[in-house]
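Chemist: I'd like to ask some things about the structure below.
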Amino acid sequence: MTTEILLAGFGGQGVLFAGKILAYCGLMDEKELSWLPSYGPEMRGGTANCSVCISDDPIGSPLVLTPDILIAMNQPSFDKFIGAVKPGGKVFADSTLIDTACDRTDIEVYTIPSTQMADDNELKGGSNIILLGKLIKETGLFTLDTMKKGIEKVVPPSKAHLIANNFKAIELGMNA
């Protein structure tokens with residue numbers, strides 16, 4: 001089985017970081033995977049997308065054009081990619097920054113105010129991880145233990161003090 005995931009938002013929202021966590025989770029579960037970042041030339045505030053493919057079989061292409069799962073972290077990303085989600089797919093959207101309802105009935109859309117939740121819990125920049133928590137709860141793609149190991153692998157040693165905050169963010173998302 002292959003799961004194609006597209007994460008999209010503005011630069012600085014942690015889109016590539018969240019994609020890397022998913023990729024490492026796939027590695028830890030001994031899956032085939034690809035991680036393909038894409039971002040605009042701006043330092044912050046430009047576009048940022050990340051394609052992640054996780055599969056039991058070899059992956060033919062790292063491009064995700066019709067995702068099974070979409071994480072949309074802002075309105076422009078939601079508007080751009082919602083139509084590409086495969087029928088039966090799942091969308092995880094930050095309702096703090098996205099106010100458009102989805103009229104598609106062939107997909108499941110989970111909206112949670114992840115930016116507001118991060119701010120309320122003093123987890124600045126944790127919106128991306130809160131959305132990952134919701135993703136693993138609703139899809140069962142990975143276990144919480146695998147997700148925590150992925151976070152430990154991706155967080156650089158210089159920022160190891162933030163691992164506990166990331167764990168808290170995952171659990172917030174799972175309970176949202």
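Chemist: Do we find that ALA84 is closer than 30 Å to HIS161 by Cα and among the small types (Gly, Ala, Ser) in this structure?
Modeler: No; evaluated as a whole, the condition is false for this residue.
Chemist: Restricting the first residue to the range 133-144 and requiring it to be over 17 Å from PRO67 (Cα atoms) and open to solvent by 40 Å² or more (accessible area, probe 1.4 Å), which pairs with a second residue that is of a type in the set (A, V, I, L, M, F, W, C) and assigned to a helix (DSSP H, G or I) meet a Cβ separation below 6 Å and a spacing of at least six or different chains?
Modeler: LYS137/MET174
Chemist: While we're here: Quickly run through the range 44-85 and pick out the residues that are over 24 Å from GLY125 (Cβ atoms), open to solvent by 30 Å² or more (accessible area, probe 1.4 Å) and of a type outside the set (Gly, Ala, Ser).
Modeler: ASP56, ASP57, PRO58, ILE59, PRO62, LEU63, LEU65, THR66, ASP68
Chemist: Search the range 8-27 for residues being among the aromatic types (Phe, Trp, Tyr) and closer than 18 Å to PHE92 by Cα, and hand back the single one that is modelled with the lowest pLDDT.
Modeler: The extreme case among them is PHE10.
Chemist: Taking ASN128 and the conditions (1) open to solvent by less than 60 Å² (accessible area, probe 1.4 Å); (2) in a loop (DSSP other than H, G, I, E, B); (3) within 27 Å of GLY26 (Cβ to Cβ), which numbered condition does it fall short on, given that it satisfies the others?
Modeler: All conditions pass for ASN128, except number (2).
Chemist: Can you pull out the residues in the range 131-149 that are hydroxyl-bearing (Ser, Thr, Tyr) and not in a loop (DSSP other than H, G, I, E, B)?
Modeler: Listed by number, the residues that qualify are THR139, THR146.
Chemist: Can you say whether ALA48 is at pLDDT 95 or above and touching a strand residue (DSSP E or B) at 6+ places or on another chain (Cβ under 8 Å), as far as the supplied structure shows?
Modeler: no
Chemist: Can you find a residue in the range 150-163 that is open to solvent by 20 Å² or more (accessible area, probe 1.4 Å), in a helix (DSSP H, G or I), within 21 Å of ALA23 (Cβ to Cβ) and among the hydroxyl-bearing types (Ser, Thr, Tyr)?
Modeler: So far as the range 150-163 goes, yes, one or more of its residues are open to solvent by 20 Å² or more (accessible area, probe 1.4 Å), in a helix (DSSP H, G or I), within 21 Å of ALA23 (Cβ to Cβ) and among the hydroxyl-bearing types (Ser, Thr, Tyr).
Chemist: Would you be able to tell me the number of residues in the range 1-43 that are over 22 Å from LYS86 (Cα atoms), open to solvent by 70 Å² or more (accessible area, probe 1.4 Å) and without any contact (Cβ under 8 Å) to a residue 40 or more places away in the chain?
Modeler: 6
Chemist: Another one. Regarding the range 108-117, can at least one residue be identified that is farther than 27 Å from LEU162 by Cβ and modelled with pLDDT of 95 or more?
Modeler: Taking every residue of the range 108-117 in turn, at least one turns out to be farther than 27 Å from LEU162 by Cβ and modelled with pLDDT of 95 or more.
The values are calculated or read from the model by the stated rules, or taken from the named source; none is laboratory data. In this text, all values refer to a predicted model and were calculated from it rather than measured experimentally. Every residue, glycine as well, gets a Cβ built from its backbone with ideal geometry; the counts of neighbours run over all protein chains shown. When the accessible area is computed, the model is the full protein with side chains, heavy atoms only, and any ligands, DNA or RNA have been set aside. Shrake-Rupley method; radii C 1.70, N 1.55, O 1.52, S 1.80 Å.
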